[in-house]
Structures are given as C-alpha cells and as structure tokens.
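Presented below is the structure to which this report refers.
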Amino acid sequence: MSDNLNKLLNTSYKLIEIAKDMLKSCQLKKNKVFSESRFIVSFFFRRAWEMFESFLILIREKRTVDSVALLRSFCDMGINLGYMFSDKVDEKEREIRAMKYLLKGDRMQLKITEDNIEEFKEFDSNIEARRDEIKAEIKKNEEILKNKFGENDWQLPSIKNRANESGFEQLKNVYNQVYGYYSNIEHHNIFFGKHYVDAENCEPKENIEGFEKLPHVKSSVALYLFRIIFIEILGVFNYEFQLNWGEKLSEMRKVHEEEYGLLKE
C-alpha cells in the first residue's frame, strides 16, 4: 500500500472518530424535537459511519471492485441527503421532501411484500400484519402531505434530478463523473464484466489485472470521493441538531481538500 493511500486512510479514521464524538454531543442535547427530516439524517449519519468503516476494510484488503460497489450505494445516500437538505429550500419543503423519501421506501417495501406474501408466510407468520402496518403508514403520510402541506404529487424526482437539485455542488459532480460507471459495477453489467472474462477463450480470468488502475476506480480516488459525501453528511447532522462542530468540520474539509494532490501518484 502506497504512502499516499496510507495518509488518506489516516485522515479517514480521524473523520470516523469525529463522527463518534458528534454522536455523543447529540445525545447530550436536551429537548430534541422529532421531525421526519431529523429521523432521516439520524439514520443516514449512523449508517454512513458504519459504511465508511466497512469501506476502509475493503480498501485495506485491496477489494477494489467491492469497495466501489459500496461507494455506489453511498452515492445514493449522499444524493438523497443533498436533495432533502438543500440550502435552496425552506424547512417546510425539507419536510415534504423527507416525507416523499419515506413514502418511496414504504411503497417499495409494500410491493415486495405483496408480490411475495405467500412465500413470506413460510417463515413469517406475522407478514400480513406487517403488510397492513405498511399500508397504514403510507396512508397516514399521504394524508399529511395532502392536508398539512397541500401536496398531491407524492413522487420523488429521478436520481439524476435529485442530484441536480442538490444543494451540494460536489454531490452533483460525483453523480456526473462516476455514478453511471459505478452502477455498471453494482448491477454486474457486462460492460464491467468484460474485465473478468478472457474473450479469446471465453473463460473466466483467474487474475483480474488492470481494472484497479482505471482512474475512477483507483482506491485513492474512491476513498476521496467517499470522504466528500461523508463530510457533507456530518455537516448536515451538525446543522440539523445545532451542534458545535462547524469549526472542526471546516478544518477537516481543508485537510481533505489539501490531500487531493495525493491522488496523483
């Protein structure tokens, strides 16, 4: 492992320690008020920290392909966060976007449940009750959107439009530059699969060579991109719960940006 990559990793572990300390700060705050957006940013914050730890393990083990597949999933989280917490929208619109995001997840879960309910019954005797709970949650949120916010369109924009409507320029750049290629990896598209096959003999390759040298999948580049999203999630979490980590996060952003030169190894 190169010295440059080690430096990037060391800074990354510092960011995770900051996340842990930020959680402690949040837990000490009293009289926190529930909102859908706070619920989502709390989930994203904790899941991001967990994903980052897993990502760093993959980087250290030189599992380039798997690390990029995880990064592609992390891009979705970052784009959704940027869309919901854009500084171009007010608190009301933030709640609307958060509720639409939750509705999208509930609808997807309901479809999976209803399409496979007989199979689910084999190992989950309570599946019908769970299905009814999801239906009730969907109905409740649709009524809130309609009656409280005057919203009749409950659909989220496409992931591309969510990226473009994000308040974070760096997230838009990540989407435009690498999201499509990373999707080929996550979905095992044959465009990516050709790296695994000896086309002349039409057989699997034993050693996958050269792939990790592609500029957009190099471990150092992938790690740098992961950190872009992670820092933004920490920033939103800090803002949403009115913590006092702004100065420290600014310092870490500066360190992060200064390490851009380490990618040119």
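Scan the range 136-150 for residues that are surrounded by fewer than 15 Cβ atoms within 10 Å (Cβ to Cβ) and closer than 21 Å to E91 by Cβ and jot them down.
K140, E143, K146, N147, K148, F149, G150
Among the candidates L9, L23, L28, L58, single out the residue that is assigned by TED's automatic domain parsing to the domain that holds S183 and buried (at least 19 other Cβ atoms within 10 Å of the Cβ).
Every option except L58 fails the conditions.
Checking the conditions here, which among A199, A136 is among the hydrophobic types (A, V, I, L, M, F, W, C), out of contact with any Pro (no Cβ under 8 Å at 6 or more places or on another chain) and modelled with pLDDT under 95?
The unique qualifying residue is A199.
When you scan the range 85-92, do you find a residue that is in a helix (DSSP H, G or I) and crowded, with 18+ Cβ neighbours inside 10 Å, even just one?
No: zero hits.
Here are L56, L71, L9, L110: which of them is more than 19 Å from the chain's Cα centre (by Cα), modelled with pLDDT of 95 or more and within 17 Å of R227 (Cα to Cα)?
L9
Test I18 against the criterion of being closer than 24 Å to L102 by Cβ and either at pLDDT 95 or above or not in a helix (DSSP H, G or I) (or both), and give yes or no.
no
The values are calculated or read from the model by the stated rules, or taken from the named source; none is laboratory data. What you are looking at is a predicted structure, and each value in this text was computed from that prediction instead of being measured. Backbone-built Cβ (ideal geometry, glycine too); neighbour counts: all protein chains shown.
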